[in-house]
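The values are calculated or read from the model by the stated rules, or taken from the named source; none is laboratory data. This structure is a prediction, so every number in the text was calculated from the model and none was measured. No Cβ is skipped: glycine too gets one built from the backbone with ideal geometry, and neighbour counts run over all protein chains shown.
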Amino acid sequence: MSTRPTEPNHNIILATLRDYVEQIVEEGLDGLPISPASLQREPSPRPAATPRESEDASTRPPTAARSETSEAQAAPSAAGTAAALFAVYPGLEKTANLAELRAFIGDCQRCKLAKSRTHLVFGVGNPKARLMFVGEGPGADEDAQGEPFVGRAGQLLTDIIERGMGISRADVYICNVVKCRPPENRKPEPSEIAACQPFLWHQIELVRPQVIVALGSVAAQALLAVKTPISRMRGVWHQARGTMVMPTFHPAYLLRNPADKRLVWSDVQEVMKVLGLPAAKRGRPR
């Protein structure tokens, strides 16, 4: 008796592919032909080209790839001015310190992340720090405790700051692009990033750090208004509204790829040079 082969479950296949693409995008692989979101639906068939379209395509010059330099130059207009961002939430511009900003945010319900969060994770550290670390968003431990970078990735970040840089974690300022945990630790969606962006930029304006370390692709791309993979941005100085930005890998990525700690250590050393910090006697982070 023959049995009919079981047909593959396309939803499972698409979900698996989506998870894989999201992982390798986070890890900085360049040259992906599609985004993870495009795996959520089957593409519509493209109609056959007309003779005129085929002729035009054969004579049309290839489009030049946009350079990283042009992306960086476009960043200020893409991110918008501070006044335009603050206009999204009238009264935000009147908050004169971090405590007032936190009070203004309140029990935020401005995006759908509010429905699933336990605690809003605002930020922590020296309100006048010379060095700021900006991550992606809270994880499970951060959501439970209401403080950024307190889980395994946070412990590694603390090791980078204290063992590697030779300064206290309390002397820097640490926050995230979004203040509420995305469900299942997924990446924040553009609308969620946009909802929190005025608060992030006001945090930066109030702290006025000399250097920002952008941890991971989400933070770097949000601050610089580019789509360049983190693997191409890290180790190179950028500017965001007059503030020096050093993109590097997220500590969570380093937990999965410990061999790349040496790259982050190289980035951290560049930050230390700019801040005039002496080489740490205890050596690089473990």
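Please pick out the residue among A129, A170, A153, A103 that is of a type in the set (G, A, S), more than 28 Å from V274 (Cβ to Cβ) and assigned by TED's automatic domain parsing to the domain that holds A222.
Answer to the selection: A103.
Among the listed residues G235, G216, which satisfies the condition of being small (G, A, S), touching a Leu at 6+ places or on another chain (Cβ under 9 Å) and either at pLDDT 95 or above or not assigned by TED's automatic domain parsing to the domain that holds P127 (or both)?
G235
Hey, can you tell me all the residues within region 83-113 that are surrounded by 15 or more Cβ atoms within 10 Å (Cβ to Cβ) and either aliphatic (A, V, I, L, M) or outside any loop (DSSP other than H, G, I, E, B) (or both)?
Hits for region 83-113 are L85, F86, L92, E93, L98, L101, R102, F104, I105, L113.
Looking for something polar (S, T, N, Q), in contact with a strand residue (DSSP E or B) (Cβ under 7 Å, 6 or more places away or on another chain) and either without any contact (Cβ under 8 Å) to a residue 24 or more places away in the chain or assigned to a strand (DSSP E or B) (or both) - is there at least one such residue anywhere in region 115-133?
no
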